[in-house]
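Comments concern the structure below.
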Amino acid sequence: MVTSTTRIPDADLVAAADRLVAAAASGTPCAPIRDLIGADDLVAAYAVQQRFNETRTDAGAVVVGRKIGLTSKAVQEQLGVGQPDLGVLFDDMSFDDGADIPMSRLIQPKVEGEVGFVLGKDLVDGELDAAQVRDAIDYAVAALEICDSRIENWDIRFGDTVADNASSGVYVLGTERRTLDEIVPVDVTMSMSIDGAEVSTGNGAACLGDPIDAVVWLAQTARELGQPLTAGQVILSGALGPMAPVSGGSTVSVTVSGLGTVTARFVEGNHS
C-alpha cells in the first residue's frame, strides 16, 4: 500500500511532472523520469502523477473514473513490482463505441481488452471488501482501453508508469450493460482483433485473479490516496490479455463473452 513520505526533493518531483507535461503537450515522448524520482518509490510516483493530473484539471478536465494497470503477474514481474497501479480517467478520454479516434490524441498507443464497470454507489466508507464492491457496481461493459506512454519507446519501470498517470490514453465502453446478477466477471473470455486478425486473448482470471478483486484493490488504494471512488465513476479494471500496438488506419474490436463487442477506428493525423 501507499505510505505517506518520500525522500525525493520537491524540486525533482516538479521537474518530473514538468517533463511529462511537456511530452503530452508536444506529442514528443520524453526520457524516463526514474532518474529524478527512482524506479520504485510509490509515494514519489503518485505525487508526480497528482501534479501531472492537476495540469489537466486546472485546464478544465473533469475526473470521471479510474483505471487499474499492471494487473498481469507477468507484467508485474517484468517491472519488478508486486502490485498494480492506478490512473485517473478524465471526461475527454472517453470515445463512443464505433467512433473514430484521432491519432493526434496519442503518441505511441497500445490497445487492450478489459471489463469496465460503472459504479452506482460511493466506495468511501466501510471495509471496501468484495461484497461491498459488488454491491456498489451498477453494471459491467466490454471495454477497449488505449494505453499510451509519454516515455520514449515505452522504456518504463514502475515509477515511470505510475507518474505518467498509469500510461493512460483514451478508452471506449461497449453499449451492452450487464449487472453482476447477469454476468460473472472472473468467468468471461476476451478476444481482441486488429483489422480482423486476432492479436490477443484472455479471461477474467488474468486480471488479478478476478476483476472484482482488482476493483477492491483500487477502492482501498484510492481511499488511501485521499481520492475515493464515487457513484457514477467509470472503472477500467485491467487487461484480460496482452496489449498490442496500433497505428492509424486500423480498426480494433474487443469481444468479451456476455458483454458483446466494442470497436474503434484509428484515423491519421498529426499531434495537436
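Some notes on this structure:
- Here region 167-193 is scanned for amide nitrogen atoms under 18 Å from the site 7 Å beyond the Cα of Val64 along Cα-to-Cβ, giving 168-178.
- Burial order of peptide ranges 52-60, 164-172 (average beta-carbon count within 10 Å, highest first): 164-172, 52-60
- Cα gyration tensor shape for region 1-155, rounded if a/c is under 1.5, else prolate or oblate: oblate
- Per residue, the convex hull spanned by the alpha carbons of region 62-267 comes to 105 Å³.
- Interchain or long-range residues, amide H under 5 Å from Val267's placed H: Ile101, Met103, Gly249
- Calculated FRET value between Asn153 and Asp122, using beta carbons and R₀ = 30 Å, to 0.05: 0.15
- For Leu89, the amide hydrogen comes within under 5 Å of the amide hydrogens of Val64, Gly65, Arg66, Lys67, counting only partners 5 or more places away or on other chains and with H modelled in the peptide plane.
- Ranking Ser257, Leu13, Thr201 by how far each Cα lies toward the positive end of the dipole of the chain (charges on Cβ) leaves Leu13 at the top.
- One chain, two ends: Ala31 and Ala131. Fully extended at 0.36 nm per residue, the span grows by 31.8 nm beyond their Cα-Cα distance.
- The chain - mean residue ellipticity at 222 nm from DSSP helices (-39,500 (n - 2.57) per run, n ≥ 4, rounded to 500): -8000 deg cm²/dmol
- Length gained on full extension, Ala231 to Asp181, computed as 0.36 nm times the residue gap minus the Cα-Cα distance: 16.1 nm.
- Computed from phi, the 3J(HN,Hα) profile of region 147-161 under the Karplus parametrisation 6.51, -1.76, 1.60 (θ = phi - 60°) reads 6, 8, 9, 7, 8, 4, 6, 6, 7, 10, 10, 4, x, 5, 6 Hz, with x in place of Gly and Pro.
Here, each number is a calculation from the coordinates, and none is a lab measurement. Please read all numbers here as calculations on a predicted model, not as lab measurements. FYI the Cβ positions are ideal-geometry reconstructions off the backbone, even for glycines, and counts take in every protein chain you see.
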